[in-house]
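The structure appears right after this line, and notes come after that.
What follows draws every value from the coordinates through simple rules; no lab data is involved. Note that this is a predicted model, so its numbers are computed, not measured. All Cβ positions, even for glycine, are placed from backbone atoms using ideal geometry, and neighbour counts span all protein chains on display.
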Amino acid sequence: MEASEQIKRFKEFLQAYHYAELLETIRKGNAFFVIDFLELSHFDPALSELLLEQPTEVIKAAELAIEQFDLPVPIKDFKIRITNLTKTQSIMIREIRSKHLGLLLYTEGVVRQKSDVRPQVTNARFECPSCGNIIPILQLDQKFKEPSQCGCGRKGKFRLLSKDLVDVQRIVLEEAPEDLEGGEQPKRIHVFLNNDLVSPMSDKKTNPGSKIRVVGLVKEIPIPHKTGGQSTRYDLMIEGNYIESVVEEYTDIKTSDVEITRIKELAKNPKLFPLLIRGVAPSIFGFERIKEALLLQLAGGKKKQRLDGVTTRGDIHVLLVGDPGSGKSQILKRMIKIAPKSRYVSGKGVSGAGLTAAVVKDEFLNGWSLEAGALPLANRGFVMIDEMDKMSDEDRSAMHEGLEQQTVSISKANIQATLRCETTVLAAANPKYGRFDPYKLLAEQINMPPALLNRFDLIFPIKDVPDVQNDELMASHILKLHQNPVTEETDISTDFLRKYIAYIRQNIEPILSEEAIEEIKTYYVDMRNSNAEDGPIRSVTISARQLEALVRLSEASAKIRLSDTVLKTDARRAIDILDFCLRQIGIDPETGKIDIDVIATGIPASQRGKIATIKEIINELETKVGKVIPYDDILALAQEKEMREPDVEEIIDKLKRNGEVFEPKRGFISKI
């Protein structure tokens, strides 16, 4: 097909299908227009075939066709973008070969790196100093080209008059993990974007961590040889023509008017919460309280930015600690299906740098560049961390800032950066010794630092206790699922639940009512002062962190009801869930009362009181008998104060480990 014929056919196609739309696009000031490939192939199959084989020439013909229209405003550098290619044009990065050079294809992957937007020369005009002739040179190669000679015979030293620049950017696209098999390592390719593909609106789509579909031309780049000159090998790259997001954030999910009507009708249903809770994980038996908490976690609280610059997070973090085989990983895998943007990492397979950010050597920039880890990549989404107890302490400590401040700060290899990670974390862990010991503190059985535990709003222990009735129901449920895996007895589909969650996250921002504030305040004050008779060292039943967790849970409950106001019922629901958690994990076994220090510091108030008593006894005896104090004297005085010998031994061991006392000789104690 001749070039003039291509231009004519494109003009007819645009005139028939998109004329009004095209004029509107140009009136808005956009310098590009998107053509649906399937629509073009229905109109002219021969032209669409040619587009796939000779994309550069055919796209240029389409751009020339637009210039022939009678347009309201003059246009310059107008671009045609192609979308909706046929499945035959889909290719994985690992399958790109030399036979694909120059063809129009599309591939999917995750953005790993992204360079800055920089101008690049496309056309330069030179003037000959001898005869004044103007010579235009197209800059198609990597090297800047000057004219070799002028028509008058002059060679070299031409004066540069002007040059045309376009914005360009390079991104590194990596195959998505779900598209790979077995032990395949994901392959990478460089994608070059220009003009409108690097505009601020398109720029958001290509942030590191986004999964995108790229339509483009496969091209080759010469690799410079170490000794100078050019290597016989070439590198492959894709020149981007069109980009679209594949995995959406909550903000990207569009809900139709019919779906919005259905969402509003469901919100009025008196059985709204039981329906949604059943839809969270229908294939997992039981765990009603946990499913309710996960539903509130999906909805999330409200992020607040105060005038003094302090930000309060709205994300609710949940930790599940349970016996092996109790279904924790199944819950995590199910939540990945509901949460629009989510990442799954597991125990030993994750490092601190993999969670936060890594500084890597960049062969293109010849320096260091930053690669975001799982938490920043899932910004405004979810991170599911399985087998959290198997992570090393150094790697876990990297999460402290990400969970509470919701930023990740890096200062390595001359790179100082702070990345945003407004990420909701759902983690699962096993107890330290494999199973729960019913007679020990729960905080002692979780192999995690108390400072990290305290950052989780809700911690659910999942105990696998034999129970005839419950075991029978669970066995029936699991066996039925094996018999018929397709059946899901739920009124709400996963897709609709995603839409529901996305809608409330986009549109509902509830405000606390006076009744809700009063309800939360009463519970908080009563809990704080429930142990007033305990003496000077009281157990702190609840801290300000739990108060903020109550606010977030109440806001999430109001969001699910599509209400702009947090009512007393929402506050009550939040209190019930938090109280359920505290009564399971925050009980001091000696006093039988709730003590938040069990989680926050690992030492309950009753223990702190005994430590203070032993320290007083040691100070008192030091003034009487000198620096070296017999252990029997300490024990005798402690027993007078109604302390048992095993407790005294345990406390002195603890003081030795902390470096406060030492044993100069057997049976004697000295202060350091």
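Laid out as a table, the results:
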read-out: The chain - mean residue ellipticity at 222 nm from DSSP helices (-39,500 (n - 2.57) per run, n ≥ 4, rounded to 500); value: -11500 deg cm²/dmol
read-out: Alpha-carbon centroid distance for the pair segment 139-200 / segment 97-135, whole angstrom; value: 4
read-out: Inverse mean reciprocal Cα-Cα distance (Kirkwood Rh) of segment 107-244, Å; value: 17.6
read-out: 5 angstrom amide H check on Cys421, placed H, neighbours 5+ away; value: Thr407, Val408
read-out: Gyration tensor (Cα) of segment 3-84, equivalent ellipsoid semi-axes in angstrom; value: 20, 13, 12
read-out: Candidate lysines for bridging to Lys291, where Cα separation is under 17 Å - those fewer than 8 sequence places away on the same chain excluded; value: Lys271, Lys328, Lys333, Lys337, Lys463, Lys559
read-out: When each of Lys114/Lys341; Lys390/Lys656; Lys79/Lys219; Lys264/Lys304; Lys627/Lys654 is checked by Cα-Cα distance, pairs over 24 Å; value: Lys390/Lys656; Lys264/Lys304
read-out: J(HN,Hα) series, segment 229-236, from Karplus relation 6.51 cos²θ - 1.76 cosθ + 1.60, nearest Hz, glycine and proline x; value: x, 10, 7, 7, 8, 10, 9, 9
read-out: Cβ crowding within 10 Å averaged over residues, with 42-54, 20-32 ranked highest first; value: 42-54, 20-32
read-out: Using θ = phi - 60° and Karplus 6.51 cos²θ - 1.76 cosθ + 1.60, couplings along segment 451-465 (whole Hz; Gly, Pro as x); value: 4, 7, 4, 5, 7, 7, 5, 10, 10, 10, x, 10, 9, 9, 10
read-out: Cβ crowding within 10 Å averaged over residues, with 561-571, 461-471, 345-355, 216-226 ranked highest first; value: 561-571, 345-355, 216-226, 461-471
read-out: The chain - Cys residues lacking any other Cys C-beta under 4.7 Å; value: Cys421, Cys581
read-out: Whole-number percent relative contact order across the chain, with pairs defined as alpha carbons under 8 Å at least 6 apart; value: 9
read-out: Local electrostatic count at Ala16 - Lys and Arg +1, Asp and Glu -1, tallied over other residues with Cβ under 15 Å; value: -2
read-out: Between segment 641-672 and segment 379-441, the Cα center-to-center distance that results, in Å; value: 35
read-out: Calculated on alpha-carbon atoms, Rg and Dmax of segment 605-671 in Å; value: 10.9, 31
read-out: Residues whose placed amide H lies under 5 Å from that of Ile446, excluding near-sequence neighbours; value: Lys432
read-out: Using θ = phi - 60° and Karplus 6.51 cos²θ - 1.76 cosθ + 1.60, couplings along segment 43-60 (whole Hz; Gly, Pro as x); value: 6, 8, x, 5, 5, 5, 4, 5, 4, 6, 8, 10, x, 4, 5, 5, 5, 5
read-out: Virtual paramagnetic centre 7 Å along Cα→Cβ of Val117, amide N under 18 Å, in segment 31-63; value: 31-33
read-out: Long-range amide H partners of Ile35 with built H, under 5 Å; value: Arg81, Ile82, Thr83
read-out: Rounded, prolate or oblate (a/c below 1.5 giving rounded, otherwise prolate when a/b exceeds b/c) for segment 322-395 by Cα gyration tensor; value: oblate
read-out: Principal axes of the chain: Cα extent on each, largest first, Å; value: 113, 63, 52
read-out: Mean Cβ neighbour count within 10 Å, used as a protection proxy, ranking 404-415, 188-199, 289-300 highest first; value: 289-300, 188-199, 404-415
